[in-house]
There are 2 protein chains.
Amino acid sequence: MIKFKVTKQSGKARIGEIHTPHGTIYTPAFIFCATKAAIKAVDTERVANCNTQIILSNTYHLMLQPGEDTVAKLGGLHKFMNWSKPMLTDSGGYQIFSLGHGSVAEEIKGVRNNTKRTLIKITEDGAVFRSYINGGKYLLTPEKSIQIQQKLGADLIVVLDECTPFHVSREYTEKSMRMSHRWAKRSLIEFQKNDSGKQALYGIIQGGVYEDLRIESCEFANSMPFFGQAIGGSLGSSKEQMYDIVAFTTSKLAEDRPTHLLGIGGIEDIFYGVELGIDTFDCVHPTRLARHGSALVKVENRNSLSSKRKEHINLRNQRFKLDEDPIESDCECFTCLNHSRAYIHHLLKAKELLAYSLITTHNIYFMNSLMSSIRKAILNNTLKDERKNWI
Amino acid sequence: MIKFKVTKQSGKARIGEIHTPHGTIYTPAFIFCATKAAIKAVDTERVANCNTQIILSNTYHLMLQPGEDTVAKLGGLHKFMNWSKPMLTDSGGYQIFSLGHGSVAEEIKGVRNNTKRTLIKITEDGAVFRSYINGGKYLLTPEKSIQIQQKLGADLIVVLDECTPFHVSREYTEKSMRMSHRWAKRSLIEFQKNDSGKQALYGIIQGGVYEDLRIESCEFANSMPFFGQAIGGSLGSSKEQMYDIVAFTTSKLAEDRPTHLLGIGGIEDIFYGVELGIDTFDCVHPTRLARHGSALVKVENRNSLSSKRKEHINLRNQRFKLDEDPIESDCECFTCLNHSRAYIHHLLKAKELLAYSLITTHNIYFMNSLMSSIRKAILNNTLKDERKNWI
């Protein structure tokens, strides 16, 4: 029932369609984080009106609150949150391990924050961790992750893997990758037991920054009947290294499957990814940025307003106090059609929650416009030119 | 340009129309608090879609942030916040004096909280207070309050008065009332200097719990060419006393002017007020209640869900965890058409901002439905029966 087809190729970049029971996702596409079954501060009708194709929820958060059985009793995630378009859930692993090992962002910043670490142990069986809500002990196995994701009922689901950080050794990365492969096999077997045809399973490519390990992981994934594949694990300590690893990895992957790049959402990174054959992206960046008061803007709207080479403008800045223009004059999102930078600046200063709704709305619309422009550019073989409008 | 007419009378209750440059307000009407030029957590399009007729902003908050001159430069309050329907601003006095004397709510609860008091002194000239934002010293005079309200540009504006609390002496209440009358005169003179015909001025009735003082205040207001009148000051220490004072006061007021009851928004209180001839009400209650997780419900939807005699249900309650019904099955607000109690319960537990948007939306729609039902009931002389659906 769930199918992927590539409809146009331009270099390694490609346009595709993922057909799901909740509609078609036109790729390249961006997947927005509705972590706890809600896009923070924006209702699902508004999210859909921003031309959003697909959102994701996090298994880790939902298994702890309200619990997968509660969501199942309430008719599954789509019905629970009233979202009728495609959805993805992750395996729960990323949060457990990033809370255990420290997040990728902390890693890049050199932070080693040992507070809030809730991972108790990792064994061949799975991961034992504490609930951040009530301190209760949980065991997440590959089988359990699949069972939970089947109860949640998203269209696209993901195998459990150990997400290794950059600072671990090659030896650890290798051992962990092999275990993740065994976990992936167990995930697949569990998935097939109750496969309704309404969900599709993604494998995950591990191997850290090591080419031979990445090859091994790609070959493993290619040999298994996964629907798609997600590139995970450490992508290095710099943007350059990340692009190298993604380039190398995508070159080894089965081309008839959709490829997802986990946790990447910067505009420049998306262009690199698309050029390397990535079909879908997800990241908290656009929505989190909004809650920090920053709005994504195109190059032409950025240069005059931001001295630094940033992809966004910070609406808390005093320069916007009397600025009657919308965030972007050529944007047709709800926020830009209705409100000025000056008003949003005021809302931020006054700590009004509405500020977060309005900027999040713009940033979601912006990302969807970006992806739509990218798809058009691939169709017309003009991706290099299109890039200039955004970076 | 701004006119009021009574179109139907039933006992002391009445239906009326306040014609303003931003449209007609059908009374009895409820005025929602958009304190800092925003209804907390809900955008103006949604607020309008809830059948809202009129909102208010607070002069006190806006003069401190972003400042009346900023709002004026940005085209006035309506344009600033993108609200095209009628608006009211208060004088700024209530916040200054309630922060100085302690609020009415604190009074009823017997709380005497001396922290956060920012009132420095009250003189014949006006009130000196400190900004809660940056500690800066401000002087608010009757003239200044009118100048600010003229810059903000709401349709209905209010004279500056000293809002006396319950615990002050009769002597203080009397002296304060007389000063408020002198302030009202000064407000009126200032208003008339720059009267564009696009704003209308309300006087305020003071006199606390003392009948003779209330008579004096009503006679004063009736003798001045105010457009409308608001009942302010202490309404006593119990609901019974409040109803007595309102009944007594409305009986002494000019009947051809709209009468506003300041800061009252409970369903039962609204029915009492309407029966005593009140035309408009305002209160933070419906929107603040929402931010505490509680939704207003009609009697028929309340009895089975709340053991106490409350006008709302608390959606944080565990009983709603698996409840697939909307807040009210017969409600046509955005929230009830789209989301279940179970989902909102989850959002509250997960501390998702969306919970506040969704419940606020319902509570606004609810209050507007209540007022609409009241207007219909007055038209049909069935107010007593209608009351049973709500209390």
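Values as computed for the structure displayed
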{"quantity": "Residues within region A:142-177 that are over 28 Å from A:Glu68 (Cα atoms) and crowded, with 21+ Cβ neighbours inside 10 Å, tallied", "calculated": "1"}
{"quantity": "Test: A:Asp69 is within 14 Å of chain B (Cβ to nearest Cβ) and open to solvent by 30 Å² or more (accessible area, probe 1.4 Å)", "calculated": "yes"}
{"quantity": "B:Ser238 of a type in the set (S, T, N, Q) and surrounded by fewer than 15 Cβ atoms within 10 Å (Cβ to Cβ)", "calculated": "yes"}
{"quantity": "Any chance A:Lys137 is at pLDDT below 95 and among the charged types (D, E, K, R)", "calculated": "yes"}
{"quantity": "Hey, B:Glu300 closer than 30 Å to A:Phe80 by Cα, at pLDDT below 95 and in contact with a helix residue (DSSP H, G or I) (Cβ under 6 Å, 6 or more places away or on another chain) or not", "calculated": "no"}
{"quantity": "So A:Gly67, is it over 24 Å from A:Tyr356 (Cβ atoms) and in contact (Cβ under 8 Å) with a residue 60 or more places away in the chain", "calculated": "no"}
{"quantity": "Scope region B:217-227; condition touching a residue at least 12 places away in the same chain (Cβ under 8 Å) and either open to solvent by 30 Å² or more (accessible area, probe 1.4 Å) or among the hydroxyl-bearing types (Ser, Thr, Tyr) (or both); matching residues", "calculated": "B:Ser217, B:Glu219, B:Phe220, B:Asn222, B:Pro225, B:Phe227"}
{"quantity": "Subset tally (residues that are over 16 Å from B:Glu68 (Cβ atoms) and surrounded by 14 or more Cβ atoms within 10 Å (Cβ to Cβ)) for region B:130-141", "calculated": "2"}
{"quantity": "Test: residue in region A:48-63 that is without any contact (Cβ under 8 Å) to a residue 12 or more places away in the chain and either open to solvent by 30 Å² or more (accessible area, probe 1.4 Å) or facing another protein chain (nearest Cβ under 10 Å) (or both)", "calculated": "no"}
{"quantity": "Failed item in (1) under 17 Å from the mean Cα position of the chain (by Cα); (2) facing chain B (nearest Cβ under 7 Å), with A:Ile39 passing the rest", "calculated": "(2)"}
{"quantity": "Some residue of region A:165-175 being more than 27 Å from A:Ser84 (Cβ to Cβ), within 22 Å of the chain's Cα centre (by Cα), in contact (Cβ under 8 Å) with a residue 60 or more places away in the chain and outside any helix (DSSP H, G or I)", "calculated": "yes"}
{"quantity": "Conditions (1) touching a helix residue (DSSP H, G or I) at 6+ places or on another chain (Cβ under 9 Å); (2) touching a residue at least 60 places away in the same chain (Cβ under 8 Å): number failed by B:Asp256", "calculated": "(1)"}
{"quantity": "Whichever residue in region A:83-96 is more than 18 Å from A:Phe30 (Cβ to Cβ) and polar (S, T, N, Q) and, among such residues, is nearest to the other protein chains (Cβ to nearest Cβ)", "calculated": "A:Ser84"}
{"quantity": "Condition met for A:Lys185 (open to solvent by 40 Å² or more (accessible area, probe 1.4 Å), over 24 Å from A:Thr280 (Cα atoms) and of a type in the set (Lys, Arg))", "calculated": "no"}
{"quantity": "Top-ranked residue in region B:1-23 [being without any contact (Cβ under 8 Å) to a residue 24 or more places away in the chain and under 17 Å from B:Leu156 (Cβ atoms); ranked as most open to solvent (accessible area, probe 1.4 Å)]", "calculated": "B:Lys3"}
{"quantity": "Yes/no for B:Ser357 being in a helix (DSSP H, G or I) and over 29 Å from A:His78 (Cα atoms)", "calculated": "no"}
{"quantity": "B:Arg214 being in contact with a helix residue (DSSP H, G or I) (Cβ under 6 Å, 6 or more places away or on another chain) and either open to solvent by less than 10 Å² (accessible area, probe 1.4 Å) or under 19 Å from B:Gly232 (Cβ atoms) (or both)", "calculated": "yes"}
{"quantity": "Lone qualifier among A:Glu300, A:Glu324, A:Glu328 - being open to solvent by less than 30 Å² (accessible area, probe 1.4 Å) and of a type in the set (Asp, Glu)", "calculated": "A:Glu328"}
{"quantity": "Enumeration of residues in region A:334-369 that are open to solvent by 20 Å² or more (accessible area, probe 1.4 Å), more than 11 Å from chain B (Cβ to nearest Cβ) and of a type outside the set (Phe, Trp, Tyr)", "calculated": "A:Ser369"}
{"quantity": "Qualifying position, being open to solvent by less than 10 Å² (accessible area, probe 1.4 Å), away from chain A (no Cβ under 13 Å) and aromatic (Phe, Trp, Tyr), among B:Phe80, B:Phe32", "calculated": "B:Phe32"}
{"quantity": "A:Glu190 vs. criteria closer than 15 Å to A:Leu160 by Cα, more than 15 Å from the chain's Cα centre (by Cα) and in contact (Cβ under 8 Å) with a residue 40 or more places away in the chain", "calculated": "yes"}
{"quantity": "Qualifying residue in region B:312-325 (condition: touching a strand residue (DSSP E or B) at 6+ places or on another chain (Cβ under 6 Å), away from chain A (no Cβ under 14 Å) and under 21 Å from B:Lys239 (Cα atoms))", "calculated": "yes"}
{"quantity": "Selection status of B:Leu379, surrounded by fewer than 19 Cβ atoms within 10 Å (Cβ to Cβ) and either under 27 Å from the mean Cα position of the chain (by Cα) or at negative phi (or both)", "calculated": "yes"}
{"quantity": "Check on A:Ser180, in the same structural domain as A:Ile55 (by TED's automatic domain parsing), under 22 Å from the mean Cα position of the chain (by Cα), among the hydroxyl-bearing types (Ser, Thr, Tyr) and open to solvent by less than 70 Å² (accessible area, probe 1.4 Å)", "calculated": "yes"}
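The values are calculated or read from the model by the stated rules, or taken from the named source; none is laboratory data. Fair warning: this is a prediction, and the values are worked out from it, not measured in the lab. Positions of Cβ are backbone-derived with ideal geometry, glycine not excepted, and every protein chain shown enters the neighbour counts. Quick note on the areas: whole protein, heavy atoms, side chains included, nothing else; ligands and nucleic acids left out. Shrake-Rupley method; radii C 1.70, N 1.55, O 1.52, S 1.80 Å.
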